[in-house]
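As structure tokens, the structure follows; a few thoughts come after it.
The values are calculated or read from the model by the stated rules, or taken from the named source; none is laboratory data. Note that this is a predicted model, so its numbers are computed, not measured. Here the Cβ positions follow ideal geometry from the backbone for every residue, glycine too, while neighbour counts run over all protein chains shown.
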């Protein structure tokens, strides 16, 4: 599975930025991943009530900010007032939930590849994906390396209709019984799954069908080495500083 594969990502992907040492899905977390040497970063995108694409994982803002309630019930102005860093550590107080365009510009500026996860609130798949596609067309360079993934097959289908040239990945937990059929049906070039379900046989089968296998979330070096030995193409990690030496030696 070479670097010419459309869904190729570097072997170490910083999960939600470097979210083991900075508040997830913030500009400071993305910048920290780059400072630590990560060549690829992953973060999540959703949409505000008034149609702005944002970097945010959860369907509500409670866990990672000082706000409360669903993201899709808040305007951009309301979201801009929230502190998205103080929950993690006092030194990050005042960090904001980023606009997707600002995060895209930072990733491009730092020269990293991007795995962008579509994270729509159930029922808001189409407006979420439309806003994300608009942001990508406005702010992501045409030669930038990007893989768009999601657990939502509806979101993947809508995105493919809007941006058919962008590589897609299907996120699952357990391995679907007919994973190859599902990947083909939703135009996906990679399968992303929880690390416990990986076997060497699975990796070989995925590669035999021309797909790639990306695994989350791996923070133990011994476990990472075992997964790479099985044939995993890339891992998502909260601690890129721990994992990068495994592929740089």
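What to note about this one:
- Residues that are in a loop (DSSP other than H, G, I, E, B) and either over 15 Å from residue 29 (Cα atoms) or touching a strand residue (DSSP E or B) at 6+ places or on another chain (Cβ under 7 Å) (or both) within region 66-110 comprise 66, 67, 68, 69, 74, 75, 81, 82, 97, 98, listed in sequence order.
- Residue 110, sole failed condition from (1) surrounded by fewer than 18 Cβ atoms within 10 Å (Cβ to Cβ); (2) more than 20 Å from residue 9 (Cα to Cα); (3) in contact (Cβ under 8 Å) with a residue 60 or more places away in the chain: (2)
- Taking region 36-53 as the range and being surrounded by 24 or more Cβ atoms within 10 Å (Cβ to Cβ) and closer than 15 Å to residue 23 by Cα as the test, the residues that pass are 41, 42, 43.
- Qualifying residue in region 210-229 (condition: out of contact with any helix residue (DSSP H, G or I) (no Cβ under 9 Å at 6 or more places or on another chain), at pLDDT 95 or above, assigned to a strand (DSSP E or B) and surrounded by fewer than 19 Cβ atoms within 10 Å (Cβ to Cβ)): no
- Test for residue 137: is it out of contact with any strand residue (DSSP E or B) (no Cβ under 7 Å at 6 or more places or on another chain), assigned to a helix (DSSP H, G or I) and either within 23 Å of residue 41 (Cα to Cα) or in contact (Cβ under 8 Å) with a residue 60 or more places away in the chain (or both): yes
- Residue check: residue 181 meets all listed conditions (1) surrounded by fewer than 22 Cβ atoms within 10 Å (Cβ to Cβ); (2) in contact with a helix residue (DSSP H, G or I) (Cβ under 6 Å, 6 or more places away or on another chain) but one, namely (2).
- Every residue from region 188-201 that is in contact with a strand residue (DSSP E or B) (Cβ under 7 Å, 6 or more places away or on another chain) and either over 29 Å from residue 164 (Cβ atoms) or assigned to a helix (DSSP H, G or I) (or both): 195, 198
- Answer from 42, 24 - the residue that is at pLDDT 95 or above, in a strand (DSSP E or B) and within 13 Å of the chain's Cα centre (by Cα): 42
- Test: residue in region 165-177 that is assigned to a helix (DSSP H, G or I) and either loosely packed, with under 14 Cβ neighbours inside 10 Å or touching a strand residue (DSSP E or B) at 6+ places or on another chain (Cβ under 9 Å) (or both): no
- Yes/no for residue 242 being in contact with a strand residue (DSSP E or B) (Cβ under 7 Å, 6 or more places away or on another chain) and in contact (Cβ under 8 Å) with a residue 12 or more places away in the chain: no
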